[in-house]
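Colleague: The structure is given below, and queries will be raised subsequently.
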Amino acid sequence: MPREKLDTAVRQEQFAEAALNIVGAYGLRGLSLARVAHRVGLVPSAIYRHFSSKDELLDAVVDLIRGRLMGNVTEACTENVDALECLRRLMMRHARLIRENEGIPRIIFSEEIFVAHPGRKAAVYEMVKGYLKRVGEIVQRGQEDGQIRPELDQSTVSLMFLGMIQPAAILWRLSDGGIDITKHVEKAWQIFSEAIRAR
């Protein structure tokens, strides 16, 4: 039976998702277009209709990560929750995103992915900046609502927010999952929320 023909955007996302999973399991050196096509269930030549090179595929993976980060912000702040609850939800979603996608830290913290690719490095930088900006907007909302201390600098609070997750992600990766990233983030949230909460 012939395999269903999918929309180009859907197929490209499938390839990017497969590439992210392969990087998580085997590292960047284990990534090849043929392996990605095989994981999606297609012949290797099929991937060339969407990506002409491994570099193009890696750019799509970065776009996929960006989409998931920004999607987390939107999902965390639904249901008209207050700013502190929005930040708590976002922190937990961020931890889950890393836990369920081992390839993300392997890509974001890999110098190899940026060597000879300043455009990709700039794209990742813009992704992180954009994420921090969204976190800063949540902090600002909390300050305007009287929930978060008004004297705090939003960009500093945003960096602290991200800084509670990233070291845990690195240790989780180095320990092959031996660090419970969710438990760490839950405890860190208690300290962080008390530090920024308006009195």
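The values are calculated or read from the model by the stated rules, or taken from the named source; none is laboratory data. Quantities reported herein were computed from a predicted structural model and do not represent experimental measurements. Cβ: placed from backbone, ideal geometry, glycine included. Neighbour counts: every protein chain shown. SASA here: full protein model, heavy atoms, side chains in, ligands and nucleic acids out. Shrake-Rupley method; radii C 1.70, N 1.55, O 1.52, S 1.80 Å.
Colleague: Can you pull out every residue in segment 147-170 that is open to solvent by less than 50 Å² (accessible area, probe 1.4 Å) and more than 20 Å from His184 (Cβ to Cβ)?
Modeller: Within segment 147-170, Gln147, Ile148, Leu152 qualify.
Colleague: Right, next: Over 20 Å from Gly27 (Cα atoms), basic (Lys, Arg) and surrounded by 14 or more Cβ atoms within 10 Å (Cβ to Cβ): does that describe Arg93?
Modeller: yes
Colleague: I would also like to ask the following. List pairs: first residue in segment 32-58 and within 13 Å of Asn21 (Cβ to Cβ), second residue buried (at least 17 other Cβ atoms within 10 Å of the Cβ) and aromatic (Phe, Trp, Tyr) anywhere in the structure, Cβ distance under 8 angstrom, at least six positions apart or on different chains.
Modeller: Pairs that qualify, where the first residue is within 13 Å of Asn21 (Cβ to Cβ) and the partner is buried (at least 17 other Cβ atoms within 10 Å of the Cβ) and aromatic (Phe, Trp, Tyr), are Val36/Phe15; Val40/Phe15; Leu57/Phe15; Leu57/Phe51.
Colleague: Can I ask one more? Report every pair of residues separated by at least 6 positions or lying on different chains whose Cβ atoms are under 6 Å apart, first residue within segment 100-123 and within 20 Å of Asn72 (Cα to Cα), second of a type in the set (D, E, K, R).
Modeller: Listed by first residue and then by second, the contacts come to Pro105/Arg173.
Colleague: Okay, moving on. Take Ile113 and tell me if it is surrounded by 15 or more Cβ atoms within 10 Å (Cβ to Cβ), outside any helix (DSSP H, G or I), within 22 Å of the chain's Cα centre (by Cα) and not aromatic (Phe, Trp, Tyr).
Modeller: On the way: surrounded by 15 or more Cβ atoms within 10 Å (Cβ to Cβ): yes; outside any helix (DSSP H, G or I): yes; within 22 Å of the chain's Cα centre (by Cα): yes; not aromatic (Phe, Trp, Tyr): yes.
Considered against the rule, which asks whether it is surrounded by 15 or more Cβ atoms within 10 Å (Cβ to Cβ), outside any helix (DSSP H, G or I), within 22 Å of the chain's Cα centre (by Cα) and not aromatic (Phe, Trp, Tyr), Ile113 comes out as yes.
Colleague: Sticking with this structure for a sec: Name the pairs whose Cβ atoms lie under 9 Å apart, with the first residue in segment 4-29 and over 28 Å from Glu112 (Cβ atoms) and at pLDDT below 90, the second of a type in the set (Lys, Arg) and buried (at least 17 other Cβ atoms within 10 Å of the Cβ), and 6 or more positions between them or separate chains?
Modeller: Pairs found: Lys5/Arg11.
Colleague: While we're here: Going by the conditions given, is Arg88 open to solvent by 60 Å² or more (accessible area, probe 1.4 Å) and under 26 Å from Phe15 (Cβ atoms)? Full working, then the answer.
Modeller: On the way: open to solvent by 60 Å² or more (accessible area, probe 1.4 Å): yes; under 26 Å from Phe15 (Cβ atoms): no.
Taking the combined requirement at face value, the residue does not satisfy it.
Colleague: Now, a different point. Find the residue count for segment 8-45, including only residues that are farther than 15 Å from Asp63 by Cα, open to solvent by 40 Å² or more (accessible area, probe 1.4 Å), of a type in the set (A, V, I, L, M) and part of a helix (DSSP H, G or I).
Modeller: 2
Colleague: Condition first: small (Gly, Ala, Ser) and part of a helix (DSSP H, G or I). Now tell me which residues in segment 72-110 satisfy that. Before you say what the answer is, go through the steps one by one.
Modeller: Going through segment 72-110, the residues small (Gly, Ala, Ser) turn out to be 76, 83, 95, 103, 110.
Correct list: Ala76, Ala83, Ala95, Gly103.
Colleague: For a quick check of your reading of the model, give me the residue pairs whose first member lies in segment 168-186 and is closer than 16 Å to Phe109 by Cα, whose second is at pLDDT below 85 and of a type in the set (Phe, Trp, Tyr), with beta-carbon atoms closer than 9 Å and at least 6 apart or on different chains.
Modeller: Once the first residue is closer than 16 Å to Phe109 by Cα and sits in segment 168-186, its partners that are at pLDDT below 85 and of a type in the set (Phe, Trp, Tyr) give Ala169/Phe109; Ile170/Phe109; Arg173/Phe109.
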